[in-house]
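Asker: Before anything else, here's the structure in question.
The values are calculated or read from the model by the stated rules, or taken from the named source; none is laboratory data. As the structure is a prediction and not an experimental result, all values here were calculated from the model. With ideal geometry, Cβ positions are generated from the backbone for all residues, glycine too; neighbour counts draw on all protein chains shown. Each accessible area value is taken on the protein alone, full model and side chains, heavy atoms only, with ligands, DNA and RNA left out. Shrake-Rupley method; radii C 1.70, N 1.55, O 1.52, S 1.80 Å.
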Amino acid sequence: MIKVFNLPDLGEGLTESEVVAWKVTPGQSVALNEIIAEVETAKAVVELPSPFTGTISALHADPGTVVEVGHPLVSFDVVGADDDAAQPPQREANLVGYGALVEKGGRPARRARVAAAVSPAASAPAAAVTTPAVTTPVATSAPAPREERPRSTPPVRKLAKDLGIDLERVQGTGERGLITREDVLAFSGAATAAGGEAAGPGTDGGASALAGTGAGEAGAGVVGRETRSPIKGVRKHTAAAMVASAFTAPQVSEFLTVDVTPTMELLARIKADRTFAGLKFTPLTLVAKAVLVALANNPTLNSHWDEAAQEIVQYHYVNLGIAAATPRGLTVPNIKDAHTLSLRDLAVALADLAEKARAARTTPAELSGGTFTITNIGVFGIDAGTPMLYPGEAGILAVGAVRRQPWEYQGEVALRQVLTLSLSFDHRLVDGEQGSRFLADVGRILADPGMVLTMI
């Protein structure tokens with residue numbers, strides 16, 4: 001029997017994902033929970049496990065194609081499967097927890113709200129609130145959901161809107177009638193005549209170096225003397241987050257240059273100590289620890305402005321975000337409950353975070369729930385900057401390069417190791433005094449690590 005697996009919501013209400021690579025081919029047998037594909041959300045590349053044991057019947061999207069949540073992704077031939085109506089909801093594996101209940105057609109079941117007092121009616125089966133299922137590609141008279149408009153991807157719909165084209169009039173040439181970018185351009189007569197200008201203002205010629213073009217992605221390529229790539233994935237998410245940050249939080253930046261020679265000497269002693277053999281300690285490790293101590297003494301930097309509830313949320317824990325530059329663009333995974341970690345455990349967590357980010361194995365859960373962020377611009381040889389707040393957080397600290405330079409020391413000029421700290425904070429939550437005290441505390445620890453004993 002043919003079973004269709006629709007793209008599930010991979011967490012936090014994401015509406016679409018791009019197929020990065022298929023791990024299976026039509027006709028291949030797969031086992032339950034065997035990895036069948038890699039898909040890229042706005043936050044991470046995740047592996048999709050098979051929800052069935054059976055044979056791959058059809059793949060409904062090529063690599064590089066953006067698929068909306070709830071739309072067909074892959075069909076299975078499941079031997080001995082009962083009729084859909086007789087099938088109980090199944091657990092659908094995903095990277096966020098153990099997966100949501102899946103109803104027939106592959107869509108996650110909506111969870112009923114739990115009332116304070118449960119009435120007899122509240123105990124009705126969850127299946128009573130099922131949503132329409134997307135049927136298999138086999139010919140059928142049953143209407144498919146979400147077909148009020150022609151099938152296309154969000155970038156294509158944006159392109160059509162920019163060109164003033166009604167998609168109802170465009171014939172799709174993609175799989176199952178999908179309207180592609182080329183279909184829109186061909187309809188407008190701009191595919192060759194207008195060259196790169198046919199793409200309209202909804203495209204981005206500068207994102208490709210970081211976000212990538214995606215194998216098989218319609219519309220990515222060289223046009224004349226330009227390379228145009230769809231705005232999607234991490235780049236799309238980052239752009240939206242930075243715009244939201246810039247136009248929501250009034251941001252203030254402060255700078256402090258510190259003689260960190262004692263910290264660098266401590267780092268050298270740690271690396272030489274057999275107790276820490278095999279662990280990767282860097283200046284960032286010690287900066288992160290200093291930040292955690294300073295946040296405990298300056299908690300306003302570890303808070304959130306809840307506009308909807310008109311409340312200031314003070315966190316009693318620190319999920320420490322570390323901005324990471326990856327081939328897919330900027331991501332900010334965070335270390336959960338970093339305030340509870342020893343220096344050794346913090347070093348392990350930072351090394352693991354960096355390895356996952358480079359390998360694009362960071363999970364959506366690790367990219368969510370941060371409370372304060374550090375960005376290490378020093379690895380690029382940069383001294384200072386004005387870092388943008390990560391949305392929802394009160395502060396972000398940029399760590400500059402450690403440079404050996406002349407510095408006043410004990411009444412004389414000496415060569416010392418110096419770095420600049422750049423702090424940006426949300427002025428709705430953090431007053432200038434509070435931000436300054438936090439930055440001064442971080443600097444005091446780095447200038448004399450022994451001072452941490454006076455702060456804990």
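Asker: Can you name the residue in region 313-327 that is more than 16 Å from Asn298 (Cβ to Cβ) and out of contact with any strand residue (DSSP E or B) (no Cβ under 9 Å at 6 or more places or on another chain) and is also modelled with the highest pLDDT among such residues?
Answerer: Residue satisfying both the conditions and the ranking: Thr326.
Asker: Also, I was wondering about something else. Could you tell me whether any residue of region 362-376 is crowded, with 17+ Cβ neighbours inside 10 Å, of a type in the set (A, V, I, L, M), farther than 21 Å from Val318 by Cβ and in contact (Cβ under 8 Å) with a residue 24 or more places away in the chain?
Answerer: No, region 362-376 has no match at all.
Asker: Ok, one more. Name the pairs: first residue in region 416-437 and assigned by the TED database to the domain that holds Leu256 and over 23 Å from Phe380 (Cβ atoms), second residue of a type in the set (S, T, N, Q) and not in a loop (DSSP other than H, G, I, E, B), Cβ to Cβ under 6 Å, at least 6 apart or on different chains?
Answerer: Leu429/Thr300; Leu429/Ser303; Val430/Thr300; Gln434/Thr300
Asker: Let me ask something additional. I need the full set of residues from region 392-409 which are assigned to a strand (DSSP E or B) and either under 30 Å from Thr238 (Cβ atoms) or not assigned by the TED database to the domain that holds Thr420 (or both), in order please. So that I can check it myself, show each step before the final result.
Answerer: Applying the first criterion (assigned to a strand (DSSP E or B)) to region 392-409 yields 395-399, 403-409.
Correct list: Gly395, Ile396, Leu397, Ala398, Val399, Arg403.
Asker: Can you say whether Val332 is crowded, with 19+ Cβ neighbours inside 10 Å, of a type outside the set (D, E, K, R) and under 24 Å from Arg444 (Cβ atoms), as far as the supplied structure shows?
Answerer: Against the criterion (crowded, with 19+ Cβ neighbours inside 10 Å, of a type outside the set (D, E, K, R) and under 24 Å from Arg444 (Cβ atoms)), Val332 does not qualify.
Asker: Select from region 270-287 the residues that are open to solvent by less than 20 Å² (accessible area, probe 1.4 Å) and either farther than 14 Å from Arg444 by Cα or modelled with pLDDT under 95 (or both) and list them in ascending order.
Answerer: Once the filter is applied, which keeps residues that are open to solvent by less than 20 Å² (accessible area, probe 1.4 Å) and either farther than 14 Å from Arg444 by Cα or modelled with pLDDT under 95 (or both), region 270-287 yields Ile270, Phe281, Thr285.
Asker: State whether the residues of region 288-303 include one that is open to solvent by 50 Å² or more (accessible area, probe 1.4 Å), outside any loop (DSSP other than H, G, I, E, B), without any contact (Cβ under 8 Å) to a residue 12 or more places away in the chain and not aliphatic (A, V, I, L, M).
Answerer: Scanning region 288-303 turns up no residue that is open to solvent by 50 Å² or more (accessible area, probe 1.4 Å), outside any loop (DSSP other than H, G, I, E, B), without any contact (Cβ under 8 Å) to a residue 12 or more places away in the chain and not aliphatic (A, V, I, L, M).
Asker: If you don't mind, another one. Evaluate region 338-355: report whether one residue or more is open to solvent by 30 Å² or more (accessible area, probe 1.4 Å) and part of a strand (DSSP E or B).
Answerer: no
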